[in-house]
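Visitor: Questions regarding the structure given below will be posed in turn.
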Amino acid sequence: MKQIKLKLLGLVLISSIVLSSCMSEAETPVINELLTNESTGVVPGGENFRKGSEYNYSEEFSNQLFSVEYIGDNPLGIAFFPGTGTGMANRMGKASSFLNQLAIIDPNTGGIITINAPVTQFFTNELASLGLTEIPDEVSSLTTDGKGNAIWFKNIKNITTSISETLTEFEAEVEVIGGNGRFSKSSGKGIVKGTFNPMTGKGSSVLQARINY
């Protein structure tokens, strides 16, 4: 059963490539500018470069995704796919990440897509033990140093590409919508790129963002 669910994970995230058609040509230059800004030479785990009130932020993680049967009122719901990660983040050092998403049947196409799901749905106790409480439902992932500081992310778009049965690449657009501690007033946009094994849920990711805090 676990292998079947992990195969579904690959199908779910691969099929979410249909979301790429939602990105307009007008939006694309915004993301390109974010990643090609003159001071975006950021090494994961290194120091930020300051320009005005903005900072380049990056993080690099090893991740583990899980599948959880969907029980709820949404007739289109299929399964939740929460996950955790460990790695390095700018202005944090060693850090951990938590995420969640819901796979649903697209009412327009009949295919499978993923949408935001509250990160607190499965990790409330773990986050509270790290001093992270009162997290809005729209926060689908967060990164924390375990010392009361965290950056909240909202997943905007996700594009995946199947390379093989055991390898899928993905690229997602995220929005920074606040945080805890020193990042309580943070805002900005970023790009997450990475890979995962749809058979096991193991993967890795790199995030680069331009944030204010």
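The values are calculated or read from the model by the stated rules, or taken from the named source; none is laboratory data. What you see is a predicted model; the values in this text were computed from it and never measured. Every residue, glycine as well, gets a Cβ built from its backbone with ideal geometry; the counts of neighbours run over all protein chains shown. Each accessible area value is taken on the protein alone, full model and side chains, heavy atoms only, with ligands, DNA and RNA left out. Shrake-Rupley method; radii C 1.70, N 1.55, O 1.52, S 1.80 Å.
Visitor: Could you check ASN180 against (1) closer than 20 Å to ILE115 by Cα; (2) in contact with a Leu (Cβ under 6 Å, 6 or more places away or on another chain) and say which number it fails?
Guide: Failing condition for ASN180: (1).
Visitor: Would you be able to say whether some residue in the range 33-56 is open to solvent by less than 50 Å² (accessible area, probe 1.4 Å), modelled with pLDDT of 50 or more and assigned to a strand (DSSP E or B)?
Guide: Within the range 33-56, one or more residues are open to solvent by less than 50 Å² (accessible area, probe 1.4 Å), modelled with pLDDT of 50 or more and assigned to a strand (DSSP E or B).
Per-residue answers, yes or no, for (1) crowded, with 21+ Cβ neighbours inside 10 Å; (2) farther than 21 Å from SER187 by Cα; (3) touching a strand residue (DSSP E or B) at 6+ places or on another chain (Cβ under 9 Å):
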position: GLU59; (1), (2), (3): yes, no, yes
position: ILE104; (1), (2), (3): no, yes, yes
position: VAL119; (1), (2), (3): yes, no, yes
position: THR124; (1), (2), (3): no, yes, no
position: THR144; (1), (2), (3): yes, no, yes
position: LYS147; (1), (2), (3): no, no, no
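Visitor: If ALA150 satisfies all but one of (1) under 20 Å from VAL192 (Cβ atoms); (2) hydrophobic (A, V, I, L, M, F, W, C); (3) touching a Pro at 6+ places or on another chain (Cβ under 9 Å), what's the number of the condition it fails?
Guide: (3)
Visitor: So, one more: On the basis of being open to solvent by 40 Å² or more (accessible area, probe 1.4 Å), more than 18 Å from LEU65 (Cα to Cα) and touching a residue at least 24 places away in the same chain (Cβ under 8 Å), does ILE151 make the cut? Lay out the reasoning, then the answer.
Guide: Numbers: open to solvent by 40 Å² or more (accessible area, probe 1.4 Å): no; more than 18 Å from LEU65 (Cα to Cα): yes; touching a residue at least 24 places away in the same chain (Cβ under 8 Å): yes.
No; evaluated as a whole, the condition is false for this residue.
Visitor: Something else: Those residues that are without any contact (Cβ under 8 Å) to a residue 40 or more places away in the chain and among the acidic types (Asp, Glu), I need them from the range 103-127; list them, please. If you could, list the steps in order and put the result at the bottom.
Guide: Narrowing the range 103-127 to residues without any contact (Cβ under 8 Å) to a residue 40 or more places away in the chain: 104-105, 107-108, 110, 115-120, 124-127.
Of everything in the range 103-127, just one residue is without any contact (Cβ under 8 Å) to a residue 40 or more places away in the chain and among the acidic types (Asp, Glu), namely GLU126.
Visitor: May I ask you to list the residues in the range 178-209 that are buried (at least 19 other Cβ atoms within 10 Å of the Cβ), in contact with a helix residue (DSSP H, G or I) (Cβ under 9 Å, 6 or more places away or on another chain) and modelled with pLDDT of 95 or more? Reasoning before the result, please.
Guide: At the first step, the residues of the range 178-209 found to be buried (at least 19 other Cβ atoms within 10 Å of the Cβ) are 178-180, 183, 186, 188, 190, 192, 194, 196, 198, 201, 203, 205, 207-209.
Subsequent filtering for residues that are in contact with a helix residue (DSSP H, G or I) (Cβ under 9 Å, 6 or more places away or on another chain) retains 188, 190, 196, 198, 201, 208-209.
Residues satisfying the conditions are GLY188, GLY190, GLN208, ALA209.
Visitor: Additional query: What's the number of the condition THR168 fails, among (1) closer than 20 Å to ASN63 by Cβ; (2) in a loop (DSSP other than H, G, I, E, B)?
Guide: The single condition THR168 does not satisfy is (2).
Visitor: Among the numbered criteria (1) polar (S, T, N, Q); (2) over 18 Å from the mean Cα position of the chain (by Cα); (3) at pLDDT below 95, which single criterion is violated by ASN125?
Guide: Exception for ASN125: condition (3).
Visitor: Considering each residue of the range 168-177, count those that are at pLDDT 95 or above and either among the aromatic types (Phe, Trp, Tyr) or open to solvent by 50 Å² or more (accessible area, probe 1.4 Å) (or both), and give that number.
Guide: Count: 1.
Visitor: Any residue in the range 199-213 that's in a strand (DSSP E or B): show its pairings with residues that are among the basic types (Lys, Arg) at Cβ separation under 7 Å, as long as the two are six or more apart or on different chains.
Guide: Qualifying pairs under 7 Å: SER205/LYS193; VAL206/LYS193; ALA209/LYS189; ARG210/LYS189.
Visitor: With (1) free of Cβ contacts under 8 Å to residues at least 40 places away in the same chain; (2) buried (at least 21 other Cβ atoms within 10 Å of the Cβ); (3) touching a strand residue (DSSP E or B) at 6+ places or on another chain (Cβ under 8 Å) as the list, and LEU130 as the residue in question, which single condition is left unmet?
Guide: (2)
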